[in-house]
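Contents: one structure, followed by commentary.
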Amino acid sequence: MIYLLASIVLAIACVLWEESHGDDSPFPLVVGVPSALAAVVLIVSIAMARADAYDHLAQRDALQATYNELRSHPSYEMATVGRDIAEWNAWLASAQYWNKTQWDFWWPDAVMSAKPIR
């Protein structure tokens, strides 16, 4: 967060420098443009990190529900099948989460009607 604030302050300082001095100094171009680009990259990365965290939480909830269901069937066959079921349910929870975000264009709407395997 400190890098984001620093890059925004540097970009603003470069704009103010250019307005007040008006000379052909390379300072605004050399410092201002990279700091503005850094601010944009940091804002996007913060948003993606938050979305990724929510995605992992949705996968964890799906895995927990699957494992709770498998505990009632203590057999080796169910345990091996359960691993595949858990992976599918985790993928489905992830896809359903991403379908609710701004990136829903990339996910088909049929994902929302799919139900977890029990």
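A few points about this structure:
- Residue separation of Ile8 and His73 scaled by 0.36 nm, minus their Cα-Cα distance, works out to 17.8 nm of gained length.
- Computed from Cα positions, the angle between helix 76-99 and the longest principal axis of the chain comes to roughly 40 degrees.
- Helix axis angle, 33-70 relative to the chain longest principal axis, alpha carbon, degrees: 10 degrees
- With each label modelled as a point 7 angstrom along the Cα→C-beta vector, the Trp103-Trp17 pair spans 3.6 nm.
- For segment 2-113, the alpha carbon positions stretch 78, 28, 15 Å along the principal axes, listed from largest to smallest.
- Taking trypsin sites (Lys or Arg not before Pro) across segment 20-93, the ones in a DSSP loop with at most 11 further Cβ atoms lying within 10 angstrom of their Cβ are Arg71.
- Of Trp88, Trp103, the sequence from fewest to most neighbouring Cβ atoms within 10 angstrom is Trp103, Trp88.
- Computed lengthening from Ala51 to Ile117, 0.36 nm per intervening residue step minus Cα-Cα distance: 21.3 nm
Laboratory data are not the source of any read-out in this text; all were calculated from the coordinates shown. The structure presented is a predicted model; accordingly, all values stated were derived computationally and were not measured. Here Cβ is always computed from backbone atoms with ideal geometry, including for glycine, and neighbour counts include all displayed protein chains.
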